[in-house]
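Provided herewith is a single structure, encoded as structure tokens, for subsequent inquiry.
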Amino acid sequence: MRFIINSLKIVVFLFLIFLGALFAIENNSDLTVDFFFFEGPNLTSGVWLTIFLMIGAILGMCASFFSKLVSKEKFVSKKIKEH
């Protein structure tokens, strides 16, 4: 059963990678992003969207990690106070 679930996860992951690559290829119009103090390189819109998606995913994982860390710390301090 575990083999089937792991195989399914791998297939879904590869499918999502394929969709992301297809998305980046299909959105091939050039785009320059202006940040506050500098101008980004001239990349396709698919690449820019993929970059910002990855940055958002990483920031979301970091926020989740720190949230879990804080709640674990509160749980441990509550357990210490009980004993």
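Any read-out appearing in this document is the output of simple, stated calculations on the displayed coordinates, not a laboratory observation. For clarity, every value in this text was computed on a predicted model and none was experimentally measured. No Cβ is skipped: glycine too gets one built from the backbone with ideal geometry, and neighbour counts run over all protein chains shown.
Relative to the longest principal axis of the chain, what angle (0 to 90°, nearest 10) does the C-alpha long axis of helix 2-26 take?
Here the helix axis deviates by roughly 30 degrees.
Test of understanding: in a Gaussian network model of the chain with alpha carbons linked when under 10 Å, which of Gly60, Gly46, Gly20 would top the mean-square fluctuation ranking?
Its mean-square fluctuation being the largest, the pick is Gly60.
If neighbour count is taken as other Cβ atoms inside 10 Å, put Phe23, Phe15, Phe38 in order from fewest to most.
With the sparsest Cβ surroundings first, the list reads Phe38, Phe15, Phe23.
How would the chain be classified by its alpha-carbon gyration tensor: rounded, prolate or oblate, with rounded meaning a/c under 1.5 and the a/b versus b/c comparison settling the rest?
Judged from the Cα gyration tensor, the chain comes out oblate (a/c at least 1.5, b/c at or above a/b).
Show the residues, 5+ positions off or on another chain, whose built amide H is closer than 5 Å to the amide H of Leu31.
For Leu31, the qualifying residues are Leu43, Thr44, Ser45.
Same structure, new question: Counting pairs of alpha carbon atoms under 8 Å apart in space and at least six apart in sequence, what relative contact order in percent does the chain give?
18 percent.
Helix 45-82 versus the longest principal axis of the chain: what is the Cα-based angle in degrees, 0 to 90, to the nearest 10?
For 45-82 against the chain, the angle is about 10 degrees.
Next question. Connecting C-alpha atoms closer than 10 Å in a GNM of the chain, tell me which of Phe36, Phe13, Phe65 has the biggest fluctuation.
Of the options given, Phe36 has the highest mean-square fluctuation.
Which of Ile4, Ile51 has the fewest other C-beta atoms within 10 Å, and how do the rest follow up to the most?
Numbers: Ile4 8, Ile51 14.
Going from least to most buried by this count: Ile4, Ile51.
Kindly provide the helix-only [θ] at 222 nm of the chain, computed as the sum of -39,500 (n - 2.57) over DSSP H runs of four or more divided by all residues, to the nearest 500 deg cm²/dmol?
-27500 deg cm²/dmol
Still on this structure, please answer the following. Suppose R0 equals 41 Å. What FRET efficiency, 1/(1 + (r/R0)^6) with r the Cβ-Cβ distance, do Leu8 and Glu39 give to the nearest 0.05?
The formula returns an efficiency of 0.40 here.
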